[in-house]
Amino acid sequence: MELSEKNLFLFDIDGTVSIGEKFIPGGHELLDYIKNTGKKYIFITNNSTRGTKSYIDKFRRMGLETDGMNFVTAATASLRYLSERYKGKKIYTVGTKSFIDELRAGGMIITEKFESGIDCVLVGFDNELTYRKIENACRILSESEADFLATNPDLVCPAPFGFVPDCGSICRMITEAVGREPVFLGKPERLIIDICLEISGCSADETVIVGDRLYTDILSGIKSGIDTAAVLTGETDRQEISRSEYKPNYIFDSVKDILESIRVN
Ligand SMILES: [Mg+2]
């Protein structure tokens, strides 16, 4: 299906439609165009530091009205995965208060202390991280058979001055210490994409994933059999794309060019 015929647009947020609290030029217009032409968009983000409500608030401050149906986060995907496999089990979580609240609201048993009988260690992007949390995770993973899960493999997250360490980097500290690798749940795994198809009722063929990162956004499309469009406003550039094994179907300088290419005159 041609890009202009797609009915569901799955957008990465950071580096794709916005940077910090500012739209990348054309971002707001593209989202309006999609909505006004009866198509759908969902933001898919590996950022687990905040819940859906705080994203709705962020976009409202940026002048865009969204609702809960417009977001699927790595926290949503993690909750889905945990509900299916760890119901009634004890999960030690390295994550923000908002992430832990969301998991608890979803019925999961979360502990933030070292204690016995922990079935799983879950690491998110935690910008409230302390050394004690890392130490506890290492101890649990060393002394028991607890599973090791993490929301997303991203090593860094864009910040106004450059980058800060993301979940993948936090996991590397633990992996270096205990010699165990986590199973990641967010992009590029297809779980988060499958949730989007399910809630939108759209097929893989009528969907496109738009993002700035090859090893998460673009790879998630490749793993799910969904077309992808890379934008060059974030992490990647044409040189990296030409060297990478993860090739997008489309390359655009920015979301503004996507709008120009799909707009029916
Ligand atoms: Mg991004």
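The values are calculated or read from the model by the stated rules, or taken from the named source; none is laboratory data. Bear in mind that the values here come from a model prediction, so they are computed numbers and not experimental data. Here Cβ is always computed from backbone atoms with ideal geometry, including for glycine, and neighbour counts include all displayed protein chains.
For this structure, a couple of remarks:
- Among the residues making up the range 202-236, those that are acidic (Asp, Glu) and within 16 Å of ASP12 (Cα to Cα) are ASP212, ASP217, ASP227, GLU235.
- Residue within the range 186-203 that is within 19 Å of THR93 (Cα to Cα) and part of a helix (DSSP H, G or I) present: no
- Subset of the range 226-251 that is of a type in the set (Gly, Ala, Ser) and either touching a Lys or Arg at 6+ places or on another chain (Cβ under 9 Å) or surrounded by 15 or more Cβ atoms within 10 Å (Cβ to Cβ) (or both) - its residue that is modelled with the lowest pLDDT: GLY234
- Filter result for LEU122 (touching a strand residue (DSSP E or B) at 6+ places or on another chain (Cβ under 9 Å), part of a loop (DSSP other than H, G, I, E, B) and surrounded by 16 or more Cβ atoms within 10 Å (Cβ to Cβ)): no
- Single match in ALA229, ALA177 (criterion: among the hydrophobic types (A, V, I, L, M, F, W, C) and in contact with a Cys (Cβ under 6 Å, 6 or more places away or on another chain)): ALA177
- Residue within the range 70-85 that is crowded, with 16+ Cβ neighbours inside 10 Å, of a type in the set (Lys, Arg) and either in a helix (DSSP H, G or I) or away from the ligand (no atom under 15 Å from the Cβ) (or both) present: yes
- Pair list, Cβ < 7 Å and 6+ apart or interchain, from the range 194-221 residues that are touching a residue at least 12 places away in the same chain (Cβ under 8 Å) and within 16 Å of the ligand (Cβ to nearest atom) to residues that are among the small types (Gly, Ala, Ser) and in a helix (DSSP H, G or I): ILE209/SER220; ILE209/GLY221
- When residues of the range 125-162 are limited to those that are modelled with pLDDT of 95 or more and of a type in the set (Val, Ile, Thr), the one nearest to GLU102 (Cα to Cα): THR151
- Residue pairs meeting the criteria (Cβ under 6 Å; at least 6 apart or on separate chains; first within 14 Å of ARG172 (Cβ to Cβ), in the range 134-149; second assigned to a loop (DSSP other than H, G, I, E, B)): LEU141/ARG180; PHE148/ARG180; PHE148/PRO182
- Candidate set from the range 1-26 (those that are among the small types (Gly, Ala, Ser), part of a loop (DSSP other than H, G, I, E, B) and more than 10 Å from the ligand (Cβ to nearest atom)); member that is surrounded by the most Cβ atoms within 10 Å (Cβ to Cβ): GLY26
A quick yes/no check of all residues on (1) of a type in the set (S, T, N, Q); (2) touching a Pro at 6+ places or on another chain (Cβ under 6 Å); (3) closer than 16 Å to ASN152 by Cα:
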site: GLY26; (1), (2), (3): no, no, no
site: ASP32; (1), (2), (3): no, no, no
site: ASN47; (1), (2), (3): yes, no, yes
site: SER54; (1), (2), (3): yes, no, no
site: SER83; (1), (2), (3): yes, no, no
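- Members of the range 27-55 found to be outside any loop (DSSP other than H, G, I, E, B) and at pLDDT below 95, listed by number: THR45, THR52, LYS53, SER54, TYR55
- Matching residues, the range 128-180, being surrounded by fewer than 17 Cβ atoms within 10 Å (Cβ to Cβ) and part of a loop (DSSP other than H, G, I, E, B): GLU128, THR130, SER144, GLU145, LEU155, PRO160, PHE161, GLY179, ARG180
- Against the criterion of being closer than 23 Å to LYS39 by Cβ, among the polar types (S, T, N, Q) and at pLDDT 95 or above, SER203 qualifies.
- Candidate set: the range 27-54, residues that are under 27 Å from ASP237 (Cβ atoms) and of a type in the set (Val, Ile, Thr); chosen: the one nearest to the ligand (Cβ to nearest atom): THR45
- Entry remark, the range 1-14: residues being closer than 15 Å to THR228 by Cβ and either hydroxyl-bearing (Ser, Thr, Tyr) or touching a strand residue (DSSP E or B) at 6+ places or on another chain (Cβ under 8 Å) (or both) number 8 in total.
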